[in-house]
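Enquirer: Below: one structure in structure tokens.
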Protein chains: 2
Amino acid sequence: MTQVQILSRNQQIVLDIIEKAKGPLKAYSILFNVQKKGINAPQQIYRALDKLIEMGKIHKIESKNAFVACRSSDCEISKATAFSICESCEMVDEISDAKLSKYLSSFNHKKGMKFKRFNLEFFGLCKKCK
Amino acid sequence: MTQVQILSRNQQIVLDIIEKAKGPLKAYSILFNVQKKGINAPQQIYRALDKLIEMGKIHKIESKNAFVACRSSDCEISKATAFSICESCEMVDEISDAKLSKYLSSFNHKKGMKFKRFNLEFFGLCKKCK
DNA sequence: TTAATAAACGTTATATTATAACACTATGTT
DNA sequence: AACATAGTGTTATAATATAACGTTTATTAA
Ligand SMILES: [Zn+2]
Ligand SMILES: [Zn+2]
Ligand SMILES: [Zn+2]
Ligand SMILES: [Zn+2]
């Protein structure tokens, strides 16, 4: 019974912007885009971002300090994320590959760690930029 | 014929600190540690860090904005990096697993990207913290 | 060896990313 | 109503990173 998540006003505003964007968005660029809607401070953005990440609605691209909407509906609360990132045009694409995900999820480091989560970022040139 | 890399003064100072550290170091914590050696500005740290990363002597842990020394001598110029990160004690351990590395290096995203590089970060609890 | 080129350095200033702290408001439960 | 929880708005500040400029040192090649 997956309950429909109800978003707060600010969360919805921030999510809308990220979902409409063609590429990853930075927190302060989101902020500038929503000032007309009465959001004035970074805190309001970062709070919304945190919650949206928790819910798995968006992901943070760590190497870019930027945020993208989750495109894979089966992406279980951001526990296993993979992205391809173009080093030329900055395009980011979420990778949903069941085999990859399974392979990594079952990977256990020898030294005694049991992983709860991973994030994988591939870098290269996209089709367009190649 | 792998030539011995000669490091500049500042690069050597920064590398020494990172290599001696038990865990990942932040740029500004490196800075505070080397002020006695006459390094006064963030630029000097960041420049050294950039070069050391290029050389594959250190890696950046993207999710922490912190830097660790490379422990795997065969880590080819930071093209294929994987880490395990403890969410409790902040410990970071570089993973050298030939199979994993091979698997990921040969992974090609469907949408036409040919990857040059990847970075993988696993999160969980280390032996000690479990 | 000297001129040219590239790499590293030192410094000041500034941009970018992120969090702390506090008072207030809305919402749902007992 | 009393309480707890989540969200909001705001001001201030911390932490991370780069721009720009001029100088110095090392490397190369004429
Ligand atoms: Zn996702
Ligand atoms: Zn591209
Ligand atoms: Zn390495
Ligand atoms: Zn630990």
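Where a number appears in this text, it was derived from the coordinates with a stated rule and is not lab data. Keep in mind that what you see is a predicted model, and the values were worked out from it rather than measured. Heads up, the Cβs are rebuilt from the backbone with ideal geometry, glycines too, and the neighbour counts pull from every protein chain shown.
Enquirer: Let me know the mean shielding of A:122-130 by other chains, meaning the per-residue number of their Cβ atoms within 10 Å of its Cβ.
Expert: 5
Enquirer: Amide H to amide H under 5 Å from B:Arg117: which residues, 5+ apart in sequence or cross-chain, H placed 1.01 Å off N in plane?
Expert: A:Phe123
Enquirer: Return the calculated 222 nm mean residue ellipticity for chain B, to the nearest 500 deg cm²/dmol, obtained by summing -39500 (n - 2.57) across DSSP H runs with n ≥ 4 and dividing by the residue count.
Expert: -9500 deg cm²/dmol
Enquirer: Here is a further query. Classify the protein assembly as shown: rounded, prolate or oblate, from the alpha-carbon gyration tensor (a ≥ b ≥ c, eigenvalue square roots; a/c under 1.5 rounded; otherwise prolate if a/b is larger than b/c)?
Expert: Taking the square roots of the gyration eigenvalues as a ≥ b ≥ c, the protein assembly as shown is prolate.
Enquirer: Taking θ = phi - 60°, what integer Hz values does the Karplus form 6.51 cos²θ - 1.76 cosθ + 1.60 yield along segment B:19-29, in sequence order, with x for Gly and Pro?
Expert: Result, ordered by residue: 5, 6, 5, 7, x, x, 10, 8, 4, 6, 6 Hz.
Enquirer: Work out which GluC sites (Glu not before Pro) in chain B are exposed loop sites (DSSP not H, G, I, E or B, at most 16 other Cβ within 10 Å) and give the longest gap free of them.
Expert: Answer - B:1-86.
Enquirer: Report for segment A:9-124 the percent antiparallel among DSSP-assigned beta bridges with both residues inside it, nearest 5.
Expert: Percent antiparallel among DSSP bridges in segment A:9-124 is about 55.
Enquirer: While we're here: Classify chain B as rounded, prolate or oblate, taking a ≥ b ≥ c as the square roots of the eigenvalues of its Cα gyration tensor: rounded when a/c is under 1.5, otherwise prolate if a/b is larger than b/c and oblate if not.
Expert: oblate
Enquirer: Can you tell me the dipole magnitude for chain B around its Cα centre, using point charges on the Cβ only (Lys, Arg +1; Asp, Glu -1), in Debye to the nearest 20?
Expert: That gives a dipole near 160 debye.
Enquirer: While we're looking at this one, here's another question. Using amide H atoms built 1.01 Å from N in the peptide plane, name the residues 5+ places from A:Ala66, or on other chains, whose amide H lies under 5 Å from its own.
Expert: The answer is A:Ile61.
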